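See below for the structure under consideration.
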């Protein structure tokens, strides 16, 4: 029986073509998936950076409003204790209620920021510096408004104490929150810029 080499050439050519198509498809899929993952990672980096940037001042402002309202409630309560005017007690209670409502808004912003940090931890390269910045933000804690001292003897002293300490609230928010977010944003921006 005679073996026809033409048939063998056609079969091998077909097999090599089929094999090339299969290997090309696999490589194309692998490269497409890798490109998709890299694009998704970059998108998540950009989104998390933008979200953190957007919440930086909203969160700080909500904290300042909450603390200012809470401070005002303490002021009216101290004024009530000093002058025994029921209107001051009513105003104090209104301010405490308002502060509680503002706290809910602040908690929502904080939750969103911490979710964004979770996204950051999944898509950025977490080096020591970035980890420290994240931990500083997580460890920022809360600013407590203390009751006014009972040693204030008259309305003038009470008002002076109020005026001096109410100015500290924005500075405390700046130090505890905005500065820490700024530090984190600088580190994130450096990684984002290195990928362009």
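Listed by first and then second residue, the pairs with beta-carbon distance under 8 Å, at least 6 apart or on different chains, first residue in region 159-184 and without any contact (Cβ under 8 Å) to a residue 60 or more places away in the chain, second in a helix (DSSP H, G or I) and surrounded by 14 or more Cβ atoms within 10 Å (Cβ to Cβ), are 180/133; 180/136; 180/137; 183/133; 183/136.
Just to be sure before I move on: is residue 28 free of Cβ contacts under 8 Å to residues at least 24 places away in the same chain and under 30 Å from residue 109 (Cβ atoms) in the structure I sent? No; evaluated as a whole, the condition is false for this residue. In summary, residue 155 fulfils each of the numbered conditions (1) closer than 29 Å to residue 57 by Cβ; (2) touching a residue at least 60 places away in the same chain (Cβ under 8 Å) with the single exception of condition (1). Can you find even one residue in region 30-41 that is closer than 25 Å to residue 130 by Cβ and in contact with a helix residue (DSSP H, G or I) (Cβ under 8 Å, 6 or more places away or on another chain)? Yes: one or more hits.
All conditions in (1) in contact (Cβ under 8 Å) with a residue 24 or more places away in the chain; (2) within 25 Å of residue 179 (Cα to Cα) hold for residue 73, with the sole exception of (2).
Throughout, read-outs are computed from the coordinates displayed, never taken from laboratory work. Bear in mind that the values here come from a model prediction, so they are computed numbers and not experimental data. Using ideal geometry, Cβ is built from the backbone for each residue, glycine included, and neighbour counts are taken over all protein chains shown.
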